[in-house]
1. Can you go through Y168, Y174, Y161 and tell me which one is part of a helix (DSSP H, G or I), under 30 Å from F39 (Cα atoms), in contact (Cβ under 8 Å) with a residue 12 or more places away in the chain and not hydrophobic (A, V, I, L, M, F, W, C)?
2. For residues that are within 14 Å of T46 (Cα to Cα) and hydroxyl-bearing (S, T, Y), tally how many sit in region 136-160.
3. Quick one: T195 ticks every box in (1) modelled with pLDDT under 90; (2) more than 22 Å from V53 (Cα to Cα); (3) surrounded by 16 or more Cβ atoms within 10 Å (Cβ to Cβ) bar one, so which box is it?
4. Looking at the structure I just gave you, is A166 hydrophobic (A, V, I, L, M, F, W, C) and in contact with a Ser or Thr (Cβ under 6 Å, 6 or more places away or on another chain)?
5. E145: more than 22 Å from L179 (Cβ to Cβ), of a type in the set (D, E) and at pLDDT 95 or above, yes or no?
6. Go through (1) hydroxyl-bearing (S, T, Y); (2) part of a helix (DSSP H, G or I); (3) at pLDDT below 90 and name the single condition Y155 misses.
Amino acid sequence: MILLPLAVAVMGIGLSSCKKYLDASPNATVDPEEAFQNFRNFQGFTEELYNGVPTFTGSTFHNAWNYGEDELWQPDNRLFANLLDAGDYWQWQNAQYHSWFRTGGSVDNGNRDAKGNLYGAAWYCIRKANIGLANLNKLVDATPEEKRLIEGQLYFFRAWYHFMIAQYWGGIPYIDMVLPPDQAPRLPRLTYQQTAVNL
């Protein structure tokens, strides 16, 4: 009987101390303009675009060299290459030992599959490149050469990620502006040739 009131008292003390724990530290709030203030910060912002490049020879936690069917390392009908031979082209999304352009995940989430996500990472990186280009005028603490270096990387990756998506999924809308995150995009799908011309 004495344990129940004791447990309630301990829980009350524990819960009352959570308020301070849940308050955000002033250091946890990052000023969105800080990423664009100087060359070092802006380069750090830009370098995430490199991390979005998938490991093309990888599938989950190992290399799968059978996508070109040069060798068969595992006789398994769940493999992506086998499913393509069977005409099931949509299995890029969920085949066992999927390929590196499957959906899901993020650019870097600490997961071993994080770099196996061309489709999701490409759209993320296109948006990030457009955000960088839209804020390039805020980079004042940099030499002209440093500013051109940042600009060149942003333009390159925006075009490269569009090219990589179009290469596998055909023509797509060419996004050269920051789209509002609270609205569904309603951009027309271009043909492959139209997409390539925009690159």
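The values are calculated or read from the model by the stated rules, or taken from the named source; none is laboratory data. Source: prediction; values computed, not measured. We place every Cβ from the backbone using ideal geometry, glycine too, and count neighbours over all the protein chains shown.
1. Just one listed residue meets the conditions, Y161.
2. 1
3. Unmet for T195, out of (1) modelled with pLDDT under 90; (2) more than 22 Å from V53 (Cα to Cα); (3) surrounded by 16 or more Cβ atoms within 10 Å (Cβ to Cβ): (2).
4. Yes, satisfied.
5. yes
6. (3)
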